[in-house]
Amino acid sequence: MAVLEQSETRILEVPSISKQGLGWARSLAASLLGLLLPVALGVGWELAVRAGLAEGRLVPPPSKIFETLSDLAKSGELETHIQATSLRVFVGFGAGAFAGTLLGAAVGYSAVLRRIADPTLQALRAIPSIAWVPLFILWFGIFETSKIILIAVGVFFPVYLGVLGAISSVDRKIVEVGRIFRLSPFALTWRVLLPSILPAYVVSLRSGLGLGWMFVVAAEFMGASEGLGYLLVDGQQLGKPQQIVAATLVFAVLGKTSDWLLLATTAPFLRWQDNLANNSG
Amino acid sequence: MLETHSLGKTYPGGFAALESITLKIGAGEIASIVGSSGCGKSTLLRLLAGLDRPSTGSVWLDGKELTTPHPSVGVIFQEPRLMPWLTVRQNVGFGLSHLSSEERGVRIDAVLERVGLLDFGMRWPRELSGGQSQRVSIARALVMQPTVLLLDEPFSALDAFTRVELQEHLLELWEGSKPTLVIVTHDIEEAVALGSRLFVLRPRPGRVAATFEVPLERPRDRVSARFGEEKRKVLAALDKSLLDDRKITAG
């Protein structure tokens, strides 16, 4: 009987492996397909410039962009700029997400607080965050503080809104189970509310992080002596479009990487979700 | 002994869901509460569970008034209400956080074995069928070793086969520690198959219309003539209560 079972499992395993392998190849092919257009455009432009069909001064060809990047990397400048920008985003995101989580949870939990604080916060949200820049410069000077606060403000609102919305949509029936088991308010928050808002929370953190990268550019436009935003301004003032494009490329890579890191750190806590991603495995 | 003294519940809008309900349910009894939808069955159960406060009257458990959820009163809802972020084992152990993880593990193993889900401990709730989920929710209540178990239409969302299977399973589990069971249902067969005593509620506002002893010995044969006889009696009482209600509304 045992032998029979084993042989059966073996037979069953074979097609599943080949299917998995096929699926992997297919997804690779799909992402390669997505690369086709940008690579074709890049190569086309490179050839056009080389052949003298286009000038390529304002729109530099890929080779020039990569040359600029490698020059910046060699001189160590690139590292300095990446470090400066990433640190700003990191600290600003941390502060904004922390405040957004705390206030969102408090306002979501207490009806009284909601009536007191939410209208004000919603009104503040209606102000385009960049409009704070002049005031922040007057208040906090032109150095790091004002930059980080601007980023934190940008991150704060999506996180606040996300937590607030998630808490008010927690399933009452699940909360009732917590009451049956006579959980204290703290235990109810920690064991029921927090895990049930986690998926929505991660989404709001991701959009907050995206805004963090957006606002770091605005902050560095305010006047910075280092950072990728500085590279952009510098490239514009000295007429170096290849430097501008190089900096935007670095932004894209950093933004994508940080988003991926956020997803990867939270993924283990969200394995329980009944969604497409978890069921296709 | 679970008792209610002239229990009533009127909702803030002025809607009277229950009026002067007085019940006495002895230890180890299985009480079925039947009634049409909207007769306040679920409201009654929520009052017994201490989830809602009555407008009038009181609930007593073994001589003590019950005003909030009580540690020895377990509740099983119509939906399993499992925490989707916890595995089956963690769900079952949800109320055992005061124990050491070793003790918890032993109790969880024992109860999972009793409900026949020992191999499903590491699954997520989303991977379970409706019947399995409800078994987990029964296990979650049983693991607390309750003296009273309140069930709010626990099997109504399941298909007919699973329903009968789980009803029988519930009786087997009851045989073990003989807790008091209070089962709210709109399914007359379920009420007769499970209950040793049966309360028929009439609507608007919910009141007790009739009380029956179910004299059938266990295990009960659902297709026997005597079973059918009991069912008919309950049906007649239900019909009468509805008829009375209609007369009042018409008159």
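The values are calculated or read from the model by the stated rules, or taken from the named source; none is laboratory data. Model, not experiment: these values are computed from the prediction. Positions of Cβ are generated from backbone atoms using ideal geometry, with glycine treated the same way; all protein chains shown enter the neighbour counts. To get the accessible areas, we keep the full protein, side chains included, count just its heavy atoms, and leave off ligands, DNA and RNA. Shrake-Rupley method; radii C 1.70, N 1.55, O 1.52, S 1.80 Å.
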Can you give me the number of residues within segment A:218-232 that are without any contact (Cβ under 8 Å) to a residue 60 or more places away in the chain and either in contact with a strand residue (DSSP E or B) (Cβ under 8 Å, 6 or more places away or on another chain) or surrounded by 19 or more Cβ atoms within 10 Å (Cβ to Cβ) (or both)?
1
Of all residues in segment B:62-89, count the ones that are within 10 Å of chain A (Cβ to nearest Cβ), within 25 Å of residue A:197 (Cβ to Cβ) and not in a loop (DSSP other than H, G, I, E, B).
1
Yes or no: segment A:183-192 includes at least one residue that is of a type in the set (Phe, Trp, Tyr), open to solvent by 40 Å² or more (accessible area, probe 1.4 Å) and not in a helix (DSSP H, G or I).
no
Just checking, does segment B:142-150 include any residue being open to solvent by 10 Å² or more (accessible area, probe 1.4 Å), among the hydrophobic types (A, V, I, L, M, F, W, C) and under 30 Å from residue B:64 (Cβ atoms)?
yes
Those residues of segment A:97-115 that are at pLDDT 90 or above and among the aromatic types (Phe, Trp, Tyr) come to a total of 1
Single condition residue B:104 does not satisfy, out of (1) touching a Leu at 6+ places or on another chain (Cβ under 6 Å); (2) open to solvent by 10 Å² or more (accessible area, probe 1.4 Å); (3) touching a residue at least 60 places away in the same chain (Cβ under 8 Å)
(3)
Restrict the check to segment B:21-36 and report whether at least one residue is open to solvent by 40 Å² or more (accessible area, probe 1.4 Å), in a strand (DSSP E or B), in contact (Cβ under 8 Å) with a residue 24 or more places away in the chain and over 19 Å from residue B:141 (Cβ atoms).
yes
Please give the number of the condition residue B:52 fails out of (1) of a type in the set (D, E, K, R); (2) within 19 Å of residue A:171 (Cα to Cα); (3) at the interface with chain A (Cβ under 10 Å from one of its Cβ atoms).
(3)
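Filter segment A:201-241 down to residues that are of a type in the set (A, V, I, L, M, F, W, C) and within 15 Å of the chain's Cα centre (by Cα), then give me how many there are.
Restricting attention to segment A:201-241, the residues satisfying the condition of being of a type in the set (A, V, I, L, M, F, W, C) are A:202-203, A:205, A:209, A:211, A:213-219, A:221-222, A:224, A:228, A:231-233, A:238.
Going one step further and asking which of them are within 15 Å of the chain's Cα centre (by Cα), we end up with A:202-203, A:205, A:209, A:211, A:213-217.
So the answer is 10.
Say whether the condition of being open to solvent by less than 20 Å² (accessible area, probe 1.4 Å) and of a type in the set (D, E, K, R) is met by at least one residue in segment B:185-192.
For segment B:185-192, residues open to solvent by less than 20 Å² (accessible area, probe 1.4 Å) and of a type in the set (D, E, K, R): present.
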